[in-house]
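This report concerns only the one structure given below.
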Amino acid sequence: MTTLSETPVELQPLASPAGAECQVFDWIENFGRYTEDIPSFVKEVCNRFVACDMPLDRVSIVMRTLHPQISTSGYMWQNGVEELSLFTADHQTQTRESYQQSPVRLIFEGSPGLRRRLADADCPRDFPVLVDLDEEGVTDYLILPIPFSDGRSYACSWATKMSGGFTDGQIARIQGIMPTFSLVLEILATRAVSRNLMDTYLGHKTGQRVLNGAIYRGVNETIEAALWISDLRGFTAMSDALAPPVLLGILNDHFERVVGAIERHDGEVLKFIGDSVLAIFPNDQYGGAMGAAEAAVGAARDAVHQMEERNGERLEKNLPALGYGIALHMGEVVYGNIGAPNRLDFTVIGPTVNHTARIEQLCRTMNRPVLVSATVAEAIEQPVTSLGFHALRGVREPHEIFTLPEYA
């Protein structure tokens, strides 16, 4: 058995670019940062190592990330398997026994690494993962830190099934690439975190536009889209009557169901405004007005179904059902950046947005969960039910308002 010292391991890059052993280092240094993402990078490094006669059978990367649902992301390469296995862990992971008994925890807490030569009869199987690897035929296991510039360390494990395990020279080669390997991983991880944050706070498509450079005030375009505005009924009264944690729980529960329905139909949530949701279904994304309108109507039906299920659960617990309204309209909107020079919002504006908001206000007075405008009704092929002409606040002419037959 060989155990790495508990003092920090000094990781030196390979000294010479000559020879097969250095081809991996050269590629990481010169081309690694240009790979698309972490899985592509790890796969390329491992395959190049194997081509240079490194007896790798399994490499695993475990990294923390910034995500509302995911605390840790992992990537596992296996020799002979085309694609990497991806795995995630939620924010409760660190309290679980599986994490507490993992060598990853030691690395996250500052260990310089450890090695377990499982081929040795007296090698301790002091972590459950080592028992599993031993049963798979792994003969040597090395886990090292991936140091990032913010002072945090993540984990990278290397395993082989070669008889007798890694040689000292092979261990040195792995250690030798770690500084450059870690640097490229940090670059790719930073990109991934940026995408995660954009997806979380702006939505995937809008976030991608920002990352692509649409960051200046006044950068916008006029698009045709179906619009969605929805809100909860009685939110002001709930705000006065309920403790903040209870109120936030109701809001999050409602948003989870509504946003899930929108995303299942490929719509994009642009923002939350108190208890309201603003979302768009761009025409060009769906091949025209009919596709966008059908997607919006499908999402509305989906959301009503989700809320009916949730309200049934609430009634079983002697809790009041939650009222809500969804308005659908479509037309031309300005899509882009507005705001102050150093504080911008990526959103949609225009009369179509204002009209959608006014239609949503009718959901309460007309006691309907879904209302659609004449433009949406004309764009879809499925039947709708007219509720007559109604005045919209701030709009000169009355508008014919429709609902879906099941809500008439």
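The values are calculated or read from the model by the stated rules, or taken from the named source; none is laboratory data. Here the structure is a predicted model, which means the values were calculated and not measured. Here the Cβ is made from the backbone with ideal geometry for all residues, glycine too, and neighbour counts use every protein chain on show.
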Exercise for review: Check off (1) modelled with pLDDT under 95; (2) buried (at least 20 other Cβ atoms within 10 Å of the Cβ) for Gly323 and give me the number that stays unchecked.
Suggested key: (2)
Check your understanding: Given the residues Arg209, Arg195, which is the only one that is farther than 25 Å from Pro112 by Cα, among the basic types (Lys, Arg) and either in the same structural domain as Lys271 (by TED's automatic domain parsing) or in contact with a Ser or Thr (Cβ under 9 Å, 6 or more places away or on another chain) (or both)?
Key -> Arg209
Exercise for review: Answer yes or no as to whether Glu109 is among the charged types (D, E, K, R) and closer than 21 Å to Leu56 by Cα.
Suggested key: no
Review point. When segment 216-261 is examined, which residues are found to be under 20 Å from His329 (Cα atoms), of a type in the set (A, V, I, L, M, F, W, C) and over 25 Å from the mean Cα position of the chain (by Cα)?
Key: Ile223, Leu232
Study note, to complete from the structure: Filter segment 174-199 for residues that are closer than 10 Å to Ile38 by Cα and hydrophobic (A, V, I, L, M, F, W, C); the one that is farthest from the chain's Cα centre (by Cα) is Val184
Revision key, fill the gap. Filtering strands (runs of 3 or more DSSP E) wholly in segment 327-408 for at least 2 residues that are of a type in the set (A, V, I, L, M, F, W, C), modelled with pLDDT of 95 or more and touching a Leu at 6+ places or on another chain (Cβ under 6 Å) gives 370-373
Check your understanding: So which residues in segment 155-178 are closer than 19 Å to Tyr75 by Cα and of a type outside the set (S, T, N, Q), if there are any at all?
Key -> Ala155, Cys156, Trp158, Ala159, Ile174, Ile177, Met178
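Residue-by-condition table, conditions (1) free of Cβ contacts under 8 Å to residues at least 12 places away in the same chain; (2) of a type in the set (Ser, Thr, Tyr):
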| residue | (1), (2) |
| --- | --- |
| Glu82 | yes, no |
| Thr95 | yes, yes |
| Val104 | no, no |
| Ser111 | no, yes |
| Arg117 | no, no |
| Asp122 | no, no |
| Arg152 | no, no |
Revision key, fill the gap. When restricted to Gln78, Gln92, Gln101, the only residue of a type outside the set (Val, Ile, Thr), surrounded by fewer than 18 Cβ atoms within 10 Å (Cβ to Cβ) and in contact with a Pro (Cβ under 7 Å, 6 or more places away or on another chain) is Gln101
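Here is a yes/no grid of residues against (1) more than 24 Å from the chain's Cα centre (by Cα); (2) at pLDDT 90 or above; (3) basic (Lys, Arg):
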| residue | (1), (2), (3) |
| --- | --- |
| Leu4 | yes, no, no |
| Ser16 | yes, no, no |
| Gly19 | yes, no, no |
| Ile28 | yes, yes, no |
| Gly32 | no, yes, no |
| Ile70 | no, no, no |
Study note, to complete from the structure: Over segment 351-375, the set of residues within 22 Å of Thr222 (Cα to Cα) and free of Cβ contacts under 8 Å to residues at least 24 places away in the same chain is Pro351
Point to revise | Conditions (1) within 28 Å of Asn30 (Cα to Cα); (2) over 30 Å from the mean Cα position of the chain (by Cα): number failed by Ile107 | key: (2)
Practice item. Could you tell me whether segment 338-355 includes any residue that is β-branched (Val, Ile, Thr) and touching a helix residue (DSSP H, G or I) at 6+ places or on another chain (Cβ under 8 Å)? Key: no
**Study point:** Residues (surrounded by fewer than 21 Cβ atoms within 10 Å (Cβ to Cβ), free of Cβ contacts under 8 Å to residues at least 40 places away in the same chain and in contact with a Phe, Trp or Tyr (Cβ under 7 Å, 6 or more places away or on another chain)) located in segment 45-75
**Key:** Arg48, Gly74
